[in-house]
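Data block below; observations after.
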Amino acid sequence: MERLDCVVVGAGVVGLAIAREMALQGHETILLERESSFGTISSARNSEVIHAGIYYPKDSLKAKFCVEGNRLLYEYCRDHQVGTQRYGKLIVASDQKQIDALEGLFYKAQLNEAREISIISGKEAKTLEPDLRVEAAILSKTSGIVDSHAYMLSLLGGFEDAGGMVAYLSPLIRATVIAGGFELEVGGADAMRLQTKYLINCAGMSAPAIAKKIEGLSPETIPQAYFAKGNYFSLSGRSPFEHLIYPIPEPGGLGVHLTLDMAGQAKFGPDVEWVESPDDLDVNPSRGDAFYAEVRKYWPGLKDGALMPSYAGIRPKINAPHEKAADFCIMGPESHGVPGLVHLLGIESPGLTSSLAIANEVSQALKH
C-alpha cells in the first residue's frame, strides 16, 4: 500500500492552492478530485472578483485571509502572467437612508485594514460613473477581476512541477484514523488504498459529507451543509460602467451587483436563493424581474429586455437561512483532536481572493 505525506481532497481553487503549497514545502502530495477536471464546481461558477476585505467582521478569518489574499493574489498573478483587471469597485448608497449603512461598512473596512479604501460623495461617484443613482459611495481601488481558470491552471502547473500528482474521477469513499495518519479508500475506475500522514479536506460543498466519512472523527464536530444558489444574468450590449458596482449588502450575500469580465462585458448577480441540492444549477428566468428591480435602484437606465439568464453557482454555506453568515471554518487537530487532519468548511466568497492566504495558514498549521 502506497504511503504518502499528504492527500488533499478537492481540486477547486483553494484545494489547488493548498496542494501546491504542501508540495512546495517538500511533501509528497496527491490531490483527489471526483470530477474529470479541476475547478468545475464552485470555482467555475462565481464572479471572479478579487475582493478587498470590506464586508467581514473584525478579526474574522474572512477578513484576515481576504485582506492578505488580495495582496498575495495580485503578486502571484503578476509573477506568473495570470490575467487580472483592477477595475476598482463602487459600493453605492442609492438614497440618503443608506448613508449610515455605508459609513458602517467603511468603518468595518478600516478595522480590517483593507487597502486603498475611501468614501466619496455622490457628485464624485457620478464623475466616475455618470449613469449611477448615488448619494455617496465607497471606492475600493484594489477590487478587480482575475482570470480564474488561468489562475487555477497556473496553480496546478506549480503543484505538478513540485512533484504533486492529481487523481481525477477519484472520490474518497472512506478514511480511517490509524497510527501516524490515515488509511484511505479511493473509488473510481482505478480504485486504490492509500496511507497518508496528512489529510486535508477541501471539498467545497461536499466538505461536510467528506468529514463524516472519516472513521474516528466525532460527527458532532461537523457543521451541517446548506446551499445558497446565486443566479447570474448577463447584460446585452456594452456595459455603461467601468467599475464593479455593488449595492449595500443583503442577508446571505452582497446584493445583486454588476461585475465585469476580463473583456469588460457586464453581468449581474448573484442573488440569494436557498436550495436543497447543490446540483440545482438552472437559472430560473422568472427571477429576472427581481433583478431589474434591484439593479434599477442604482442604475435607473436599465432597459427592459437587456438582461439574459447566464449561469448559476452554489455557495457552500454552514449556516441556515435564518442564521447570521458563518465565518470560514478551518478545523485543525486542536479543534477535533485528530493529528494531521484539517477540514475547510464553508469556504464561500471571498474564498477565491483568500486562496493563497488560506494555503499558507494550512501548511503552517500542519508544521506544529
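The values are calculated or read from the model by the stated rules, or taken from the named source; none is laboratory data. These numbers come from a predicted model, not from an experiment. Cβ placement follows ideal geometry from the backbone for every residue including glycine, while neighbour counts extend to all protein chains displayed. These accessible areas exclude ligands, DNA and RNA; they are computed on the full protein's heavy atoms, side chains included. Shrake-Rupley method; radii C 1.70, N 1.55, O 1.52, S 1.80 Å.
Observations on the structure shown:
- Between Asp279 and His80, the modelled labels are 3.2 nm apart [label points 7 Å from Cα along Cα→Cβ].
- Assuming charge only on the beta carbon of Lys and Arg (+1) and of Asp and Glu (-1), the dipole of the chain about its Cα centre is about 520 debye to the nearest 20.
- Projected label distance in nm at Glu220 and Asp304, using a 7 Å step from Cα toward the beta-carbon: 5.8
- Cα-Cα over 27 Å, subset of Lys108/Lys213; Lys229/Lys297; Lys89/Lys297; Lys229/Lys267; Lys64/Lys123: Lys108/Lys213; Lys64/Lys123
- Restricting the trypsin sites (Lys or Arg not before Pro) of region 1-97 to loop positions (DSSP other than H, G, I, E, B) with no more than 14 neighbouring Cβ atoms within 10 Å leaves Lys58, Arg86.
- Computed about the Cα centre, the dipole magnitude for region 1-136 is approximately 240 debye when only Lys and Arg (+1) and Asp and Glu (-1) carry charge, each at its Cβ.
- Across the alpha-carbon set of region 152-283, the Rg to Rh ratio works out to 1.09, Rh being the Kirkwood radius.
- Using a Förster distance of 41 Å, the FRET efficiency for Ser335-Arg296 (Cβ separation, nearest 0.05): 0.35
- Sum of side-chain charges, Thr221 neighbourhood, beta-carbon under 15 Å (Lys, Arg +1; Asp, Glu -1): -1
- Debye intensity ratio I(q)/I(0), log10, the chain, q values 0.07 Å⁻¹ (C-alpha model): -0.31
- Nitroxide proxy distance, nm - points 7 Å out along Cα→Cβ at Ser236 and Arg174: 5.5
- DSSP-defined beta bridges in the chain - what % are antiparallel, rounded to 5: 70
- Sequence-distant aspartates and glutamates (8 or more away, or on other chains) whose Cα lies within less than 13 Å of Lys197: Glu2, Asp5, Glu28, Glu183
- Along the chain, longest interval not containing exposed GluC sites (Glu not before Pro), exposed being DSSP loop plus at most 14 other Cβ atoms within 10 Å: 117-241
- Taken over region 212-296, the convex hull of the Cα atoms encloses 151 Å³ per residue.
- Reducing region 174-195 and region 49-106 to their Cα centroids gives an inter-centroid distance of 39 Å.
- Size estimate for region 111-155 follows the Kirkwood approach: the inverse of mean 1/r over distinct Cα pairs works out to 12.8 Å.
- The chain, accessible surface, carbon-and-sulfur percent (1.4 angstrom probe): 50
- Working value for region 24-73: equivalent-ellipsoid semi-axes of 26, 18, 10 Å, each the square root of 5 times a Cα gyration tensor eigenvalue, largest first.
- For region 222-368, the equivalent ellipsoid derived from the alpha-carbon gyration tensor has semi-axes of 35, 17, 12 Å in decreasing order.
- Inverting the pair-averaged 1/r between distinct Cα atoms of region 1-127 gives 17.6 Å as its Kirkwood hydrodynamic radius.
- The alpha carbons of region 76-197 give a radius of gyration and a Dmax of 23.7, 65 Å, in that order.
- Relative frequency of Cα-Cα separations exceeding 14 Å in region 146-211, percent: 69
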